[in-house]
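The values are calculated or read from the model by the stated rules, or taken from the named source; none is laboratory data. Quick caveat, the model's predicted, so the values are computed rather than measured. Using ideal geometry, Cβ is built from the backbone for each residue, glycine included, and neighbour counts are taken over all protein chains shown. Side chains included, ligands, DNA and RNA excluded: accessible areas come from the protein's heavy atoms. Shrake-Rupley method; radii C 1.70, N 1.55, O 1.52, S 1.80 Å.
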Amino acid sequence: MYNVEITGTGRYLPDFRVSNDDIAQFVDTSDVWISERTGIKERRISIRENTTDMAVEAARRALQDAELRAEELDLIVVATVTPDNFFPSTACLVQARLGATRAVAFDISAACTGFIFALSIAGQFIKTGQYQKALIIGSEVLSKIVDWQDRNTCVLFADGAGAAVLERGKQGIISELLGSDGTGAEKLACSAVPLQNKFTGTCSDAENGSGSKFIRRDYITMNGREIFKFAVNIMPECILQVLENTGYSLKDVKQIVPHQANIRILEAAAKKLAINKDKFYVNLGHYGNTSGASIPIALDEMAEKGLINPGDLLIIVGFGAGLTYGAQLLRWTKESSRK
Ligand code: COA
């Protein structure tokens, strides 16, 4: 079996910044409430770029960082819950725009855990020797599925993309775990088109094939308290589990790179793990929750700042709609060329 090394990272964030005060102009909220309850100060919102546009830009930067040409890629996996189209996949559109002519390309749906799932899936192909070079991307324009009148959600979610190039190597992914709990599906959801065609007549919410507990709305609905509880339990669990049987403990880990949802979730997780909260890399104050993009954006930012160096152990950990969760224990191998 081979291993999988991250040999390049890239990110793209739209220019347009929306502050908490900006949001307080149209919903009943305040900078104080949002900052204290979430840690978010501002977020980037896309005015012109859709999910594919941002994915392509993040991908170009990751390829440049890895000094790899798109034609050399064997595989492209895009994690997104906000694709431009039901089909074709975002990954096929990215493939065409990059000129990655040899690559197999497909999307996956694991919401905020999307990057972790994509890393695992692409990693399996590389570990078995089927492919050698892969591009994985998390790209989201959540602003198009946010209800901008719902203060419970519109203060949290935002837009952005992050990418990583994976190549066959000797070290990299030390251990990983993925998990799903579909019984919690309705706690964080966004419906697609209802079951309705020439033969159904107009169907009610309860008859639309997904069960009546789903509220049929084409924007995000969330039980914030339930998701908070889930996150606070699952994050420490994933972190401890991914270390099990590896011979490493938390003190060997340089930094934990979590999905960026809420500072209070990270503080609670740090408390449960009895670690300093600085062990978590945090940038959610600037970007809000960009779902599957948040971890690769953070990794790229850390690499750029020279915060991660060859030999460092990292844990990436996430949770999200589905419900889904997962983590990887990684040995970082890439020398930063951008310090
Ligand atoms: N501004 C002001 N008040 C708000 C508000 C906002 N943006 N959003 C909610 N409130 C109000 C609520 O309506 C409620 O008012 P009420 O007591 O009159 O009913 C009050 O604040 C407390 O609501 P509550 O839900 O208990 O707040 P909270 O401390 O749990 O914080 C979240 C709410 C959403 C920030 C928090 O639950 C959370 O972060 N959950 C996880 C969400 C998440 O990460 N989702 C993505 C996962 S990938």
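So the values come out like this:
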{"quantity": "Condition check for residue 91: over 22 Å from residue 188 (Cβ atoms), over 11 Å from the mean Cα position of the chain (by Cα) and open to solvent by 10 Å² or more (accessible area, probe 1.4 Å)", "calculated": "no"}
{"quantity": "Every pair of residues 6+ apart whose Cβ atoms lie under 7 Å, when the first sits in segment 4-18 and is under 16 Å from residue 285 (Cα atoms) while the second is at pLDDT 95 or above and small (Gly, Ala, Ser)", "calculated": "13/160; 14/46"}
{"quantity": "Segment 142-171 residues that are more than 14 Å from the ligand (Cβ to nearest atom), paired with ones that are assigned to a loop (DSSP other than H, G, I, E, B) and modelled with pLDDT under 95 (beta carbon under 6 Å, 6 or more apart)", "calculated": "168/2"}
{"quantity": "Only one of 48, 60 that is open to solvent by 50 Å² or more (accessible area, probe 1.4 Å), under 26 Å from residue 145 (Cβ atoms), in a loop (DSSP other than H, G, I, E, B) and not aromatic (Phe, Trp, Tyr)", "calculated": "48"}
{"quantity": "Sole residue being open to solvent by 30 Å² or more (accessible area, probe 1.4 Å), more than 16 Å from the ligand (Cβ to nearest atom) and touching a residue at least 24 places away in the same chain (Cβ under 8 Å), chosen from 186, 176", "calculated": "176"}
{"quantity": "Residue match in segment 70-78 (condition: surrounded by 14 or more Cβ atoms within 10 Å (Cβ to Cβ), β-branched (Val, Ile, Thr) and within 16 Å of the ligand (Cβ to nearest atom))", "calculated": "no"}
{"quantity": "Filtered residues of segment 313-339 (kept if of a type outside the set (A, V, I, L, M, F, W, C), open to solvent by less than 30 Å² (accessible area, probe 1.4 Å) and part of a loop (DSSP other than H, G, I, E, B))", "calculated": "336"}
{"quantity": "Qualifying position, being of a type outside the set (Asp, Glu) and without any contact (Cβ under 8 Å) to a residue 12 or more places away in the chain, among 117, 87", "calculated": "87"}
{"quantity": "Selection status of residue 65, out of contact with any His (no Cβ under 6 Å at 6 or more places or on another chain), surrounded by fewer than 21 Cβ atoms within 10 Å (Cβ to Cβ) and assigned by TED's automatic domain parsing to the domain that holds residue 120", "calculated": "no"}
{"quantity": "Lone qualifier among 289, 283 - being assigned by TED's automatic domain parsing to the domain that holds residue 229, surrounded by fewer than 17 Cβ atoms within 10 Å (Cβ to Cβ), under 20 Å from the mean Cα position of the chain (by Cα) and not aliphatic (A, V, I, L, M)", "calculated": "283"}
